[in-house]
Amino acid sequence: MTSIRQEAIQMLEKVPEDKLSFVIQIMQGVNGLLGTSDVKEKEAVNLNQFVMESTERGQNADKYVRELRDNDRF
């Protein structure tokens, strides 16, 4: 065991029980920065479930905006 690891363990042993949760959060953050996090990947969400079917009004919206722009009313 390296001296740095021994020093870290000695410091951890001095931390009061009620403060250990903070130390754990910090260590998890460091692991996240190093890319060694134990966080599971989230399930992929099917985004198509949020897509609404197009309506006739929606299909003609581009044409309407073009007409407004061409007639300088936009």
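The values are calculated or read from the model by the stated rules, or taken from the named source; none is laboratory data. Source: prediction; values computed, not measured. Please note: Cβ atoms are built from the backbone with ideal geometry, for glycine as well, and neighbour counts cover all protein chains shown. Ligands, DNA and RNA are excluded from the accessible area calculation, which covers all protein heavy atoms including side chains. Shrake-Rupley method; radii C 1.70, N 1.55, O 1.52, S 1.80 Å.
Just checking my list (1) 2.53; (2) 0.97; (3) 1.51 against Cα Rg over 2.2 N^0.38 Å computed from this structure; which label fits? It is the value labelled (1). A 1.4 Å probe over all protein chains sorts 27, 1 by accessible area into 1, 27, starting with the largest. Considering only protein heavy atoms and a probe of 1.4 Å, how much of the accessible area of the chain is carbon and sulfur, as a whole percent? Carbon and sulfur together cover 54 percent of it. Helical content of the chain, expressed as a calculated mean residue ellipticity at 222 nm, amounts to -16500 deg cm²/dmol (DSSP H runs of 4 or more residues, -39,500 (n - 2.57) each, divided by residue number, nearest 500).
Summary: within the chain, the longest segment free of trypsin sites (Lys or Arg not before Pro) located in DSSP loops with at most 11 other C-beta atoms within 10 Å is 1-39.
Only one residue of 15, 47, 64 has its Cα farthest out toward the positive end of the dipole of the chain, where Lys and Arg carry +1 and Asp and Glu -1 on Cβ, and that residue is 64. Compared with the dominant Cα axis of the chain, that is its longest principal axis, helix 61-70 is turned about 70°. Accessible area per residue for the chain, computed on protein heavy atoms with a 1.4 Å probe, is 107 Å².
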